[in-house]
1. Which ³J(HN,Hα) values, rounded to whole Hz and listed in residue order, are derived for region 153-165 from phi using the Karplus coefficients 6.51, -1.76 and 1.60 in 6.51 cos²θ - 1.76 cosθ + 1.60 with θ = phi - 60°, glycine and proline given as x?
2. Please pull out the direction-averaged projected area of region 126-181, using the convex hull of its alpha-carbon atoms, in nm² to one decimal place.
3. On a 21 Å Cα-Cα criterion, which of the cross-link pairs K63/K90; K145/K198; K90/K198; K74/K145; K184/K256 come out too long?
4. Among DSSP beta bridges lying fully in the chain, give the percent that are antiparallel, nearest 5.
5. Using only the alpha carbons of region 2-265, what is the convex hull's orientation-averaged projected area in square nanometres?
6. Output wanted: per-residue J couplings in Hz (rounded whole) for region 88-97, from phi through Karplus 6.51 cos²θ - 1.76 cosθ + 1.60, θ = phi - 60°, x for Gly and Pro.
7. Which of I91, I197 comes first, and how do the rest follow, when ranked by fewest Cβ neighbours within 10 Å?
8. Report the net charge of residues surrounding A58, where surrounding means a beta-carbon distance below 15 angstrom and charges are Lys +1, Arg +1, Asp -1, Glu -1.
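Derivation of every value follows stated rules applied to the coordinates shown; laboratory data play no part. On a predicted model such as this, the values are computed, not experimentally measured, just so you know. For neighbour counting, all protein chains shown are included, and Cβ atoms are generated from backbone atoms with ideal geometry for every residue, glycine included.
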Amino acid sequence: MHQLLENLWEDYLTLTPDAKRIHDLFATNGETIVNDHIALRTFNRGAIALDAIAEYLAQFGYKAVDEYHFEAKKLRAYHFEVPTDLDAPKIFVSELLLEEMPQAVQDICEGLIAEAEQAIAEKGLSLPMMPWRTISAGEYELLLKHSEYAAWLATFGLRANHFTVSVNHLTQLASLEAVNELLKEKSFALNVSGGEIKGSEEVALKQSSTMANLVKWSFSDRELTIRSCFYEFAERFNIPGTDQQYRGFVAASADKIFESTNVAAA
Ligand code: NI
């Protein structure tokens, strides 16, 4: 399990220089960083479907705990935990419901999925993994028109879309508000879709995130500047009326967090 998390982290840092900078900034402030969760994206087909990923994660002790639906974005998701090690970072995996996408999106994605099926038949599934060809800039632009999620996934493959710092485990920065202030002071751009802070103490979870890094990406035919991955921050509270900390996710907040990779966002 630790090797899996390490591999996902190293791969994520190659696309997310801001995460490294923020990680180092916190470390300089005397913090030891604990991850709340890691998020991945996939398509709802065959060897890479959410249920196949669930089977893969089971070998590391991860079990699906809760299911989530995002109607507008056409997504279904599970959050996974290690029941024997509740301090292990949770893993949040969502899948795009391809049959709900326009035919042109399905056509491109079905081709990529066929390549993934073949790669996994030969080498097995492992994460992180880029199981298909580099798409063209035109394909990216077409996918983007219909689904930012599909465009991101087709471009980057099966890898961490974000890591999330557990604010509860920080010792110097006492709240999510304090984390956000420090980030803004250091000129990091925060995702303001749905407000800088998503959620509240009433729903027992507050989240914020940076905007995904802008990277010059070499598509098969030409380069485009696009958004890669982002860094998220989560502060958890007790379930109202109990002394038990909430371990799940809030769909309305996650819906806005997805927009951290929106190209158009400033
Ligand atoms: Ni997240």
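1. 5, 5, 6, 9, x, 8, 8, 5, 7, 7, 9, 10, 6
2. Working: hull surface 24.7 nm².
Averaging across all directions leaves 6.2 nm² for the Cα convex hull.
3. Details: K63/K90 10 Å; K145/K198 25 Å; K90/K198 19 Å; K74/K145 14 Å; K184/K256 19 Å.
Check vs 21 Å cut-off fails for K145/K198.
4. Taking every DSSP beta bridge with both residues in the chain, the antiparallel ones total about 75 percent.
5. On the way: hull surface 54.7 nm².
Projected area, direction-averaged: 13.7 nm².
6. Using θ = phi - 60°, the values come out as 5, x, 6, 10, 10, 10, 10, 10, 7, 7 Hz.
7. On the way: I91 26, I197 18.
Listing I91, I197 from fewest to most nearby Cβ atoms yields I197, I91.
8. For residues surrounding A58, the net value is -2.
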